[in-house]
Amino acid sequence: MIESLLVANRGEIARRIIRTAKRLGVRAVAVHSEADADLPFVVEADEAVCVGPANPAQSYRNVEAILAAAASTGAQAIHPGYGFLSENADFARTVQDRGLVWVGPGADAITAMGDKINARNLMAAAGVPVAPGTTEPATDLDAAVAAATEIGYPVMVKAAAGGGGMGMAVAADEAALRTEYDKVRAFAERMFGDGSVLIERYFPRVRHVEVQILGLADGRVVALGERECSVQRRNQKLVEESPSPAVSPELRARFLAAAVRAGEAVGYRNAGTVECLLDPATQEFFFLEMNTRLQVEHPVTELVYGVDLVEEQLRVAAGLPPTFDPDALTPRGHAIELRINAEDPKRFLPGPGVIGTWVEPTGEGVRVDSGYVAGNTVTPFYDSLLAKLVVTGADRAEAIERARTAVAGFAVAGPKNNLPFFAELLTNGEFVSGDYDTGIVGRMR
């Protein structure tokens, strides 16, 4: 096993990785910005290094500062968490070039799946279903219009290098496409340094379902079930659950087989997620993208399958076999994750501030992965995620009931937060029935 690990991230995911590292006897090193010096992940690490000011470009995305921290602390490996540098192939390659262990997939796999058009083409070649769309970038507006005419409206206009629900727009007709194409292209150039745009068929009523994969040290790729991620605002997830209430055993077998083929197509190692769109009317699903990292929502898979995915990541990186039998993975019960964000519960606009009260719920089937405690300041420099409230039950009904109780018992005062939204969602007839789609939040508003 790796003996010392630098966690190149912050907040709840850094704290969560550190927790597993310490359980395994691995020395945990945190890096932090000046703004995060008092957060729990810094305090709980065995050693911590300040890598720069609040601006992420000067701290959490500062490759040389992070590598210098690894060198000065004698860290053997680097875990990037999610966001920041987690899907940066150059960083992964540099880490390995410096003689360190990279806890993630190889740089070639990150590169292959980082461009949505390339990823679509690779998946199609591997026999993974893809939605009708362009096989090369729509280089100008005329090309985009021609592609959309062939595909059929409505279409999704997407930044080829995008991720996390950013750089996407729906065009219902040519007039809308002419407006949205330029917006998406400009956004992609500004945010990702790549203005490439793809055009893809848009499905008005669709569910977002993803599969957790793990590429093992021996070369095998295994799938650890699916997660339902259809409760979203601005194409970004708020709730995830496993198993999906929309997926039958027959459909699940097809989902998992396709996800394994996707991983095998790029020689995938370590943890990753194959994201898909599911048309509930036809039971057809289409590849959306592959996230070459640990997902925010990984705890629901951990709780249903009884594994620690961070531990499995470390074992793969160290060349060790998994703790579980890949041929005998058995899900048990139901898990739901709620992303507790510092944001207005109606408009979902960020609301930073000082945390005056922070009381986490407890009880059977309740887990809280948090990044803050009372007295901490939620700054405007980073993602608004405060904590992940994860509940389990013998079935979905019990999980929902426990989630209601846990939300009522979660006390946060100071920054705005979306706990009131979850209290509303968990009594919403559409959600409770399990028959919902990615438009559910819009219909609630």
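Results, tabulated for the structure shown:
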| quantity | calculated |
| --- | --- |
| Most fluctuating residue given options 371, 263, 306, as computed from a GNM of the chain linking Cα atoms under 10 Å | 306 |
| Relative exposure of 279, 383, 90, judged by other C-beta atoms within 10 Å (fewest first) | 90, 279, 383 |
| Helix-only mean residue ellipticity at 222 nm for the chain, each DSSP H run of n ≥ 4 adding -39500 (n - 2.57), per residue, nearest 500 | -10000 deg cm²/dmol |
| Residue 106 long-range amide H proximity, modeled H, under 5 Å | 269 |
| Computed Rg/Rh of the stretch 4-103, alpha carbon atoms with Kirkwood Rh | 0.92 |
| Set of lysines near residue 116 by C-alpha distance (under 29 Å), chain-local residues within fewer than 8 positions excluded | 158, 183, 237, 388 |
| Cα Rg, Dmax (largest Cα-Cα span) when computed across the stretch 82-222, Å | 16.8, 53 |
| For the stretch 372-445 versus the stretch 146-202, the gap between their alpha-carbon centres in whole angstrom | 30 Å |
| Rounded to whole Hz, the Karplus (6.51, -1.76, 1.60) HN-Hα couplings of the stretch 143-149, x for glycine and proline | 5, 5, 5, 4, 5, 5, 5 |
| Charge-dipole axis of the chain as Lys and Arg at +1 and Asp and Glu at -1 on Cβ define it, positive-most pick from 389, 21, 328 | 389 |
| Choice from 419, 24, 288 showing the highest fluctuation, given a GNM over the chain with Cα pairs closer than 10 Å | 24 |
| Long-range tail of P(r) for the stretch 182-243 (Cα pairs > 16 Å, %) | 67 percent |
| Reachable aspartates and glutamates from residue 22, criterion Cα separation under 14 angstrom, eight or more residues apart if same chain | 3, 44, 46, 47, 308, 311 |
| Positive minus negative residues near residue 140 (Lys, Arg vs Asp, Glu; Cβ under 15 Å) | -3 |
| P(r) weight above 18 Å for the stretch 203-336, C-alpha pairs, percent | 50 percent |
| Cut-off under 5 Å, modelled amide H: who pairs with residue 9 long-range | 31 |
| Theoretical FRET efficiency, 1/(1+(r/R0)^6), r = Cβ-Cβ of residue 398 and residue 135, R0 35 Å, to 0.05 | 0.15 |
| Inter-part distance where the stretch 212-236 and the stretch 2-17 are each reduced to a Cα centre, Å | 20 Å |
| Backbone HN-Hα couplings from phi across the stretch 438-443 [Karplus 6.51/-1.76/1.60, Hz, Gly and Pro as x] | 5, x, 5, 5, x, 6 |
| Approximate spin-label separation residue 149-residue 174, in nm, with each point projected 7 Å along Cα-to-Cβ | 0.6 nm |
| For the stretch 403-443, alpha-carbon Rg and Dmax in angstrom | 11.7, 35 |
| Inter-label distance, nm, simple model (7 Å from Cα along the C-beta direction), residue 43/residue 325 | 4.3 nm |
| Linear extension gain, residue 126 paired with residue 220, 0.36 nm per residue minus alpha-carbon span | 32.2 nm |
| Cα radius of gyration and Dmax for the stretch 207-444 (Å) | 17.8, 50 |
| In Hz, Karplus ³J(HN,Hα) per residue of the stretch 257-270 (6.51, -1.76, 1.60; θ = phi - 60°; x = Gly, Pro) | 5, 5, 5, 5, 4, 4, x, 5, 5, 10, x, 6, 10, 6 |
| Inter-centroid distance (Cα atoms) of the stretch 332-351 relative to the stretch 293-322, Å | 23 Å |
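Throughout, read-outs are computed from the coordinates displayed, never taken from laboratory work. Remember, predicted model here, so these are calculated numbers, not experimental data. Cβ: placed from backbone, ideal geometry, glycine included. Neighbour counts: every protein chain shown.
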